[in-house]
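Working notes, structure below.
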Amino acid sequence: MQTSQQISWEQLNEIVESIFAQGPVVVRQAYSDFSCATRGFADAQALLKELHYEPGVGDVFRQYTLYYPDAKGHTHERRIDLKPEKCNGHTFRFCQEGWGLIQLQCDFRKQPIVECRIAVNSPIRAANWSDTYPNFQSPEAWDWKVVEKKASRLVRLLRQMGKAGRTSPCT
């Protein structure tokens, strides 16, 4: 399940508030900065501060994972070894992994418009790929009803915002 919509900064604020309004959640960078662990965000204000974008300052693309503990399952942080000659001398970074992690991606290239994407694996996709990624452990450990409920709410909200932001070509 996924959607990608062009929204305003104010609408992104609503999405972030909704993430934290659904109950206890662990929000982390999907990929860390070079030579660092992934950062976590305790509340909506901390994530919004991280998401604040000024042209020419910081990455234009940001990606986060959302883990709702009531979805159970297994998540982990994996170290990625880098080639220092290709990464300005950096030798590692980390990423978050888990079958039921919900992905939040924000692209600021068209500022003031934010291209926002929410995506999550399905239980069928996780089962089909489980042999390829044994470190993720069994997809059956996840409560997929909880994963789908949390992701559906965010996808539905984002789709509504995208529709509300569209204007007629005649305007």
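Values in this text are rule-based calculations from the coordinates and carry no lab data. What you see is a predicted model; the values in this text were computed from it and never measured. Note that each Cβ is placed from the backbone with ideal geometry, even for glycine, and that neighbours are counted across all protein chains shown.
Observations on the model:
- Each listed q (0.11, 0.15, 0.20 Å⁻¹) maps to a log10 I(q)/I(0) for the chain, found by the Debye formula over equal Cα scatterers with no solvent: -0.50, -0.90, -1.38.
- When you count the other C-beta atoms within 10 angstrom of each residue and take the mean per peptide, 37-46, 97-106, 75-84 line up highest first as 97-106, 37-46, 75-84.
- Hydrodynamic radius of segment 62-163 per Kirkwood, over alpha carbon pairs, in Å: 15.4 Å
- Spatially close lysines, pair count over the chain: Cα under 24 Å, gap of eight or more or interchain: 8
- For segment 92-171, the list of trypsin sites (Lys or Arg not before Pro) that fall in a loop by DSSP and count at most 11 other C-beta atoms within 10 angstrom reads Arg109, Lys110, Arg166.
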